[in-house]
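Student: One structure, as structure tokens, below. Some questions next.
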Amino acid sequence: MGSRQSAILERALMISLSTGCQPVRIPQQKIYNNMGKRKRTDGGGATALFKTKAGVIAATLGSAVGLGSIWRFPAEAQQNGGGAFLLIYLGCVLILGIPVMLAETSLGRAGRADAVGSYMKLAPGSRWWLAGGLGVLASYLIISFYMVVAGWTLQYLWDSITGALFAGADGESARLIEQTFHHKMESYIGSDIAPLISTYAMIVLNIGVLMMGVQKGIERASNIMMPLLFVLLLLFCIYALTLPGASEGLVYFFRPDFSRITWGVAANALGQTFFSLSLGIGVLITYASYYPSDTNLTRTATTVSGLTTLVAVMMGMIIFPTVFSFNLDIDQLRGTTLVFVTLPEVFSQMPGGRVWSILFFTLLLVAALTSTISLSEVSILFVQKRFKRSRLSATLIMMCPLFLLSALCSLSFGSLADLKIFGLTIFNFLDTFATNWILPICALCVVIFVGWFIPKGTFRREVTNDGRVATRLYPVVNFIVRWIAPVLILVILFSSILK
Ligand code: TRP
């Protein structure tokens, strides 16, 4: 694009942003010329968009629903007071999650660029782009270890299909069976080669989807995988709730034990909200830059938050009744082992257990895959836009280093277990550093920027689609984004410091 023409466009954009008026008129011919040239110079061409409303929801929901809701939530709930944790989590989603999601998607759609570029466009000449850069970094670090656990799900799926998962685990006492699965998991993730292969397979799967682009890759994959996920969840729910003794498990999950609630637990619930809704680090900026301009942001945020919470609650309603019904030792349940030890143990005793096992790890894989895709997209769009690369080369540039970084994370359960950074293995260090530190800092930047520094009127215009959508909620949301969200995010940050 010629620099003079691009200056005209930028200026038109800025005027329209800062005054809330229509952009100044540019002769049609000039715009077409611009678009034509842009296609050639701007890496992936003009900004891609999601094609349908369903695609917008499916992709955003795909990012949100992941190991966080399916694997981590039931474990957190079990350890932190069951129904009491659930109540706090629901409160966090409602009061904080939805408004912050609105802030981040508004920032993304108004910027129509990658995480860094969106800040640059909306606050030219300032240093706010650094906040976007930190988001790109955080998302990259999160994929590097997330990919490893995603790889485990792939291996467990494979082992369910071949039956290797259940070899040697029948006909013994419950205790022995549990130990067998425990041992299987430990020797699997503690080995070097097998988890590495599945991590690599996961990276390759991601590359396959991501290089196809926004509509043909991300949107299409989400449109197929999210309905599948819900069908599977529903199947499991029906099965679990009709087991004898299911009600005991439900009582265990839903009964609030407020004595377990401490400040630390509340901060955990806040952290869980951010992680499970994919807030703060530019995933939503990136995805919202693909939202068509008539997408209703409020409806999208409430639908995605609501469905993500539903998935988490359904997981609790599946896991606890099943565990109770099969008389497993509920006190033995721990985060990691819930999904990789306890459930296989249950499957080994269920009629048709192998099929259920295949279905369950398919569910987990689908959830993990759509989340890794969204995390990867942050840095891919960043490279595409900032360094003017094609889709394919941006995908390869960002995904290939993961073959090394994720390998280090994977090996940190095996040969590299003794390599410690600040007393933590590489995996745990990246997890702690990215999720407990950088994520809240980035989220803080998002809410402060959208609450206080974004060009006047931008947030309202995005939330109301230029006045076409009713605004009743907007004043509340704006108040939360300006005043409440920053304070609560600081609480998360301080609780990480204290830990
Ligand atoms: N939300 C996903 C999960 O629950 C993980 C995830 C995807 C994520 N994108 C994110 C977490 C952005 C934090 C920020 O598993």
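The values are calculated or read from the model by the stated rules, or taken from the named source; none is laboratory data. What you see is a predicted model, and the numbers here were worked out from it, not measured in a lab. As a convention, Cβ positions derive from the backbone with ideal geometry for all residues, glycine included, and neighbour counts pool all protein chains shown. The accessibility values were calculated without ligands, DNA or RNA, using every heavy atom of the protein model including side chains. Shrake-Rupley method; radii C 1.70, N 1.55, O 1.52, S 1.80 Å.
Student: Could you tell me which of the residues A443, A394, A434 is farther than 16 Å from V148 by Cα and either under 20 Å from the mean Cα position of the chain (by Cα) or of a type in the set (K, R) (or both)? Don't jump to the end; show me each part of the working.
Tutor: Values: A394 fails: either under 20 Å from the mean Cα position of the chain (by Cα) or of a type in the set (K, R) (or both); A434 fails: farther than 16 Å from V148 by Cα.
That would be A443, the only listed residue that is farther than 16 Å from V148 by Cα and either under 20 Å from the mean Cα position of the chain (by Cα) or of a type in the set (K, R) (or both).
Student: Still on this structure, I have one more. Considering segment 76-98 alone, what residues qualify as being within 13 Å of the ligand (Cβ to nearest atom) and either aromatic (F, W, Y) or open to solvent by less than 10 Å² (accessible area, probe 1.4 Å) (or both)?
Tutor: Correct list: Y89, V93, G97.
Student: Follow-up question, since we're still on this one. Only one of L141, L130 is closer than 26 Å to I448 by Cα and open to solvent by 60 Å² or more (accessible area, probe 1.4 Å). Can you tell me which?
Tutor: None of the others qualify; the one that does is L130.
Student: Now a separate question. If you go through segment 405-434, how many residues are open to solvent by 20 Å² or more (accessible area, probe 1.4 Å) and of a type in the set (S, T, Y)?
Tutor: Qualifying residue count, segment 405-434: 3.
Student: Restricting to helices (runs of 4 or more DSSP H) lying wholly in segment 83-126: which have 1 or more residues that are touching a Leu at 6+ places or on another chain (Cβ under 8 Å), polar (S, T, N, Q) and touching a residue at least 40 places away in the same chain (Cβ under 8 Å)? Let's see the steps before the verdict.
Tutor: Numbers: elements: 83-92, 98-111, 115-122.
Counting at least 1 such residues, we get 98-111, 115-122.
Student: Shifting gears a bit: Would you check if T435 is within 16 Å of the ligand (Cβ to nearest atom), under 25 Å from A267 (Cα atoms) and hydroxyl-bearing (S, T, Y)?
Tutor: Values: within 16 Å of the ligand (Cβ to nearest atom): yes; under 25 Å from A267 (Cα atoms): yes; hydroxyl-bearing (S, T, Y): yes.
Considered against the rule, which asks whether it is within 16 Å of the ligand (Cβ to nearest atom), under 25 Å from A267 (Cα atoms) and hydroxyl-bearing (S, T, Y), T435 comes out as yes.
Student: Same structure again: Being assigned to a helix (DSSP H, G or I), more than 17 Å from G108 (Cβ to Cβ), open to solvent by 50 Å² or more (accessible area, probe 1.4 Å) and of a type in the set (A, V, I, L, M) is the filter here, so list the residues in segment 435-470 that pass it.
Tutor: The one that is assigned to a helix (DSSP H, G or I), more than 17 Å from G108 (Cβ to Cβ), open to solvent by 50 Å² or more (accessible area, probe 1.4 Å) and of a type in the set (A, V, I, L, M): I441.
Student: Picking from L343, L369, L359, which residue would you name as being open to solvent by less than 10 Å² (accessible area, probe 1.4 Å) and either part of a helix (DSSP H, G or I) or within 16 Å of the ligand (Cβ to nearest atom) (or both)?
Tutor: After ruling out the rest, the residue left standing is L343.
Student: Please indicate, with yes or no, whether at least one residue in segment 48-55 is within 16 Å of the ligand (Cβ to nearest atom) and modelled with pLDDT of 90 or more.
Tutor: For segment 48-55, residues within 16 Å of the ligand (Cβ to nearest atom) and modelled with pLDDT of 90 or more: absent.
Student: State yes or no: is S379 touching a Phe, Trp or Tyr at 6+ places or on another chain (Cβ under 7 Å), buried (at least 18 other Cβ atoms within 10 Å of the Cβ) and of a type in the set (G, A, S)?
Tutor: Working: touching a Phe, Trp or Tyr at 6+ places or on another chain (Cβ under 7 Å): yes; buried (at least 18 other Cβ atoms within 10 Å of the Cβ): yes; of a type in the set (G, A, S): yes.
Against the criterion (touching a Phe, Trp or Tyr at 6+ places or on another chain (Cβ under 7 Å), buried (at least 18 other Cβ atoms within 10 Å of the Cβ) and of a type in the set (G, A, S)), S379 qualifies.
Student: Does W129 satisfy being closer than 19 Å to A394 by Cβ, away from the ligand (no atom under 16 Å from the Cβ) and of a type in the set (F, W, Y)?
Tutor: Here the answer is yes, as W129 does meet what is asked.
To keep it simple, each residue is scored yes or no on (1) farther than 30 Å from I95 by Cα; (2) away from the ligand (no atom under 16 Å from the Cβ); (3) open to solvent by less than 20 Å² (accessible area, probe 1.4 Å); (4) touching a strand residue (DSSP E or B) at 6+ places or on another chain (Cβ under 9 Å).
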position	(1), (2), (3), (4)
S293	no, yes, no, no
S305	no, no, yes, no
T322	yes, yes, yes, no
L328	yes, yes, no, no
R354	yes, yes, no, no
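Student: Could you grab me the full set of residues in segment 192-221 that are open to solvent by 40 Å² or more (accessible area, probe 1.4 Å) and not in a helix (DSSP H, G or I)?
Tutor: Within segment 192-221, D192, M211, M212 qualify.
Student: Further question on the same structure: Taking segment 401-415 on its own, how many of its residues are outside any helix (DSSP H, G or I) and more than 22 Å from the chain's Cα centre (by Cα)?
Tutor: Qualifying residue count for the region: 4.
Student: Condition (residue is among the basic types (K, R) and closer than 15 Å to P74 by Cα) applied to segment 246-262: is it met by at least one residue? Don't jump to the end; show me each part of the working.
Tutor: Start the filter on segment 246-262 by keeping residues that are among the basic types (K, R), which leaves 255, 260.
Going one step further and asking which of them are closer than 15 Å to P74 by Cα, we end up with 255.
Yes.
Student: Determine which member of the set F275, F254, F230 is among the hydrophobic types (A, V, I, L, M, F, W, C), touching a strand residue (DSSP E or B) at 6+ places or on another chain (Cβ under 7 Å) and open to solvent by 30 Å² or more (accessible area, probe 1.4 Å).
Tutor: F254
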